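**Q** Next up is a structure, given as structure tokens.
The values are calculated or read from the model by the stated rules, or taken from the named source; none is laboratory data. Predicted model, so just to flag it, every value in this text is computed and none were measured. Neighbour counts are summed over all protein chains in view; Cβ atoms, including those assigned to glycine, are modelled from backbone coordinates with ideal geometry. What goes into the accessible areas is simple: the full protein's heavy atoms, side chains included, and nothing from ligands, DNA or RNA. Shrake-Rupley method; radii C 1.70, N 1.55, O 1.52, S 1.80 Å.
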Amino acid sequence: GGDGGAPDRPRAGAARQLYEQGEKFGARDARTQARATVSLEPVPWGTRVSLKLGRVAGPQRCELVAVGRDGERQTVTTWAVPDAGYGGTGGAGYYSGGAAFSRGEIARFEVVTLDGRRLVTIKV
């Protein structure tokens, strides 16, 4: 019997490691109770973005969207919240991606379900 969780553990670790490195901004949505913190790192091609997400029920599919000061929207990454979701007891999901925006062009991030419900907005 192998450990079923082994293959994706390094990837989760990498997203968490990237999250630890950047400049962090957090928010909690009073309506949905979702908590999210983005970690931003300027890179030559734009901004590397990592996300820590908590208090979100599963299963559902979500995306992290970067919104520019001019209103332009860029999807940073998409993922599926597991059936068990992320509870309030320290369980969290870590995801990473990037946006073509420079750090200064970003006004906020939104965690949105793929069917269009906004879970939490993080102003940066």
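**Q** Tally up the residues in region 25-68 that are of a type in the set (Ser, Thr, Tyr) and more than 14 Å from Val120 (Cβ to Cβ), please.
**A** 3
**Q** Might you let me know whether region 51-63 holds any residue that is crowded, with 20+ Cβ neighbours inside 10 Å, among the basic types (Lys, Arg), at pLDDT 95 or above and not in a loop (DSSP other than H, G, I, E, B)?
**A** Scanning region 51-63, I find at least one residue that is crowded, with 20+ Cβ neighbours inside 10 Å, among the basic types (Lys, Arg), at pLDDT 95 or above and not in a loop (DSSP other than H, G, I, E, B), so the answer is yes.
**Q** Any chance you could count how many residues in region 64-85 are surrounded by 15 or more Cβ atoms within 10 Å (Cβ to Cβ) and out of contact with any Lys or Arg (no Cβ under 6 Å at 6 or more places or on another chain)? Walk me through it before giving the result.
**A** Let us first name the residues in region 64-85 that are surrounded by 15 or more Cβ atoms within 10 Å (Cβ to Cβ), namely 64-68, 74, 76-77, 79, 81, 85.
Remaining after also requiring out of contact with any Lys or Arg (no Cβ under 6 Å at 6 or more places or on another chain): 64, 66, 68, 74, 76-77, 79, 81, 85.
Counting residues in region 64-85 that are surrounded by 15 or more Cβ atoms within 10 Å (Cβ to Cβ) and out of contact with any Lys or Arg (no Cβ under 6 Å at 6 or more places or on another chain) gives 9.
**Q** Could I ask something else about it? If I go through region 25-40 residue by residue, how many of them are more than 14 Å from Tyr95 (Cα to Cα), assigned to a strand (DSSP E or B) and open to solvent by less than 80 Å² (accessible area, probe 1.4 Å)?
**A** Residues that pass the stated criteria total 3.
**Q** Let me ask something else about it. Among the residues of region 87-124, write down those that are open to solvent by 30 Å² or more (accessible area, probe 1.4 Å), touching a Lys or Arg at 6+ places or on another chain (Cβ under 9 Å) and assigned to a strand (DSSP E or B).
**A** Passing the criteria: Tyr94, Tyr95, Ser96, Arg108, Thr121, Lys123.
**Q** Also, quick follow-up: So which residues in region 41-50 are surrounded by 14 or more Cβ atoms within 10 Å (Cβ to Cβ) and over 12 Å from the mean Cα position of the chain (by Cα), if there are any at all?
**A** Answer for region 41-50, where residues must be surrounded by 14 or more Cβ atoms within 10 Å (Cβ to Cβ) and over 12 Å from the mean Cα position of the chain (by Cα): Glu41, Gly46, Thr47.
**Q** Given the residues Ala30, Ala34, which is the only one that is more than 20 Å from Glu105 (Cβ to Cβ), at pLDDT 95 or above, under 13 Å from the mean Cα position of the chain (by Cα) and not polar (S, T, N, Q)?
**A** Checking each option against the conditions leaves just Ala34.
**Q** Of everything in region 28-86, what is among the aliphatic types (A, V, I, L, M) and more than 21 Å from Gly13 (Cβ to Cβ)? Give them in sequence order.
**A** Selection gives Ala30, Ala34, Ala57, Val65, Ala66, Val67.
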